[in-house]
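Reviewing the structure listed below.
The values are calculated or read from the model by the stated rules, or taken from the named source; none is laboratory data. Just so it is clear, the structure is predicted and the values come from calculations on it, not from any experiment. Neighbour counts run over all protein chains shown; Cβ positions are idealised from the backbone, glycine included. Accessible surface areas use protein heavy atoms only, side chains included; no ligands, DNA or RNA. Shrake-Rupley method; radii C 1.70, N 1.55, O 1.52, S 1.80 Å.
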Amino acid sequence: MTDASPTKVEPAVTSASALADSAKALAGTWTCHGDVHGPGGASPSEVTLDVRPDLDKAWLRTEFVVLSGDYKYKFTAYRTFDAAASKWVNLIVDNLGGQASSSSTDGHVWLGTASGPMGEVRIRDTERLVSPGVLEMRGQYSLNGQDWSTGYELSCKQ
């Protein structure tokens with residue numbers, strides 16, 4: 001007779017649990033410093049992020065506002081977790097009349113498409129929570145899906 005130890009069953013990741021975990025790590029106001037890129041190249045910039053649960057906690061809402069630098073850019077994003085598809089979904093509208101849609105399987109690397117003043121582009125955003133209260137962000141875009149240009153690189157603190 002063999003001694004079988006009980007198997008540990010991990011709880012299923014639900015939309016509510018994924019959103020609650022993400023809100024716990026990200027909710028609040030962040031001050032970011034780094035470069036925002038535009039037609040004239042990189043511009044040292046200060047950015048604020050305000051992340052809050054919204055729409056009965058079904059979404060995380062992010063307000064991204066460039067406070068200083070050459071490029072006055074802002075957007076509102078809504079993010080949720082689709083438990084059935086096991087992926088995150090992110091929707092963005094900005095002050096240039098643009099919109100973007102991206103998804104992520106790990107909550108760190110986001111791939112999608114955007115349209116705005118440059119036309120249709122592919123986007124790749126990377127977000128890394130370095131430690132509680134410290135976030136690194138990098139946004140990139142590609143006109144052809146192969147060559148990537150930087151849109152922003154930011155270090156953020158809560």
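A few notes on this one:
- Computed lengthening from ASP70 to VAL130, 0.36 nm per intervening residue step minus Cα-Cα distance: 18.8 nm
- Hits among aspartates and glutamates - C-alpha to C-alpha of LYS72 under 14 Å, sequence gap 8 or more where chains match: ASP35, GLU46, GLU63, ASP94
- Residues ALA83 and SER149, FRET efficiency given R0 of 30 Å [Cβ-Cβ distance, rounded to 0.05]: 0.35
- Within straight-line cross-link reach of LYS157, lysines at Cα separation under 20 Å, skipping those fewer than 8 residues along the same chain: LYS24, LYS74
- Interchain or long-range residues, amide H under 5 Å from ALA83's placed H: SER15
- Order of exposure, largest accessible area first, which applies to LYS57, LYS72 with probe 1.4 Å: LYS57, LYS72
- Per-peptide packing, taken as the mean over residues of other Cβ atoms within 10 Å, places 117-123, 90-96 in the sequence 90-96, 117-123 from highest down.
- Relative contact order [Cα under 8 Å, 6+ residues apart], the chain, whole percent: 17 percent
- Highest-MSF residue in the chain out of ASP35, ASP125, ASP21 [GNM, Cα springs under 10 Å]: ASP21
- The dipole here belongs to the chain: it is taken about the Cα centre, uses +1 on the Cβ of Lys and Arg and -1 on the Cβ of Asp and Glu, and is about 160 debye.
- Using θ = phi - 60° and Karplus 6.51 cos²θ - 1.76 cosθ + 1.60, couplings along region 99-111 (whole Hz; Gly, Pro as x): 8, 9, 9, 9, 9, 8, 8, 10, x, 10, 10, 10, 10
- Listed values for region 123-132 are Karplus-derived 3J(HN,Hα) couplings in whole Hz (6.51 cos²θ - 1.76 cosθ + 1.60, θ = phi - 60°), namely 10, 9, 10, 10, 10, 10, 7, 5, 7, x, and x replaces Gly and Pro.
- The candidate values are (i) 1.24; (ii) 1.18; (iii) 0.96; the one derived from this structure for Cα Rg over 2.2 N^0.38 Å carries the label (ii).
- Computed from the C-beta positions of LYS57 and HIS33, the FRET efficiency with R₀ = 35 Å rounds to 0.70.
- Share of carbon and sulfur in the accessible heavy-atom surface of the chain [1.4 Å probe, %]: 54 percent
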